[in-house]
Amino acid sequence: MSIRVSCADFAWRYHDHKTIVKLIAEIGFRGIDVSLFRDYSVLSLDEAIASPDEFTRDLTTRLEQAGLELVDLFPGDLERFPLNHPDESERGVSRELFKGMLEIARRLKPRV
């Protein structure tokens with residue numbers, strides 16, 4: 001039985017994403033978990049949602065060049081925009097953010 005393990009890009013959040021991807025591949029991982037946590041990740045959730053074509057094209061190219069498979073995608077801003085906020089207007093903002101995140105995931109098709 002073989003075990004497949006991926007590595008999260010937010011493990012090196014103080015580097016640029018190209019360097020992070022290269023490091024993960026050089027260590028020997030074949031899978032990567034990509035984070036889009038607002039105000040935490042190297043990649044910008046807001047930029048990804050605003051320009052999904054460009055974002056997904058650039059990320060897909062970067063991962064393919066490194067020989068990495070996108071295993072999991074962690075988008076969100078649950079601290080500022082929880083989906084279960086008691087205020088309807090806040091839930092509306094959360095809903096729109098969630099729809100944008102779903103579109104990014106639909107385009108990238110992470111394994112998990």
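How much accessible area per residue does the chain have, in Å², with a 1.4 Å probe? Walk me through the intermediate numbers first.
On the way: 7080 Å² over 112 residues.
Value for the chain: 63 Å² per residue.
In whole percent, and with a 1.4 Å probe on the protein chains, what portion of the accessible area of the chain is carbon and sulfur? Walk me through the numbers before you get to the answer.
Working: 3750 of 7080 Å².
It is 53 percent, rounded to a whole number.
Fully extended, how many nm does the chain gain between ASP87 and ASP72 (0.36 nm per residue separation, minus their Cα-Cα distance)?
The ASP87-ASP72 span can extend by a further 2.4 nm.
Rg to Rh for the chain: what is it, with Cα atoms only and Rh by Kirkwood?
1.01
Please state the equivalent ellipsoid semi-axes for the range 1-67: what are the square roots of 5 times the Cα gyration tensor eigenvalues, largest first, in whole Å?
21, 13, 11
Suppose R0 equals 22 Å; then what is the FRET efficiency for ARG57 and ARG111 from their Cβ-Cβ distance, rounded to the nearest 0.05? Before the final figure, lay out each step's value.
Working: r = 19 Å, r/R0 = 0.87.
Rounded to the nearest 0.05, the efficiency is 0.70.
The values are calculated or read from the model by the stated rules, or taken from the named source; none is laboratory data. Computed from a predicted structure; not experimentally measured. We place every Cβ from the backbone using ideal geometry, glycine too, and count neighbours over all the protein chains shown. Please note that ligands, DNA and RNA were not included when accessible areas were found on the heavy atoms of the full protein model with its side chains. Shrake-Rupley method; radii C 1.70, N 1.55, O 1.52, S 1.80 Å.
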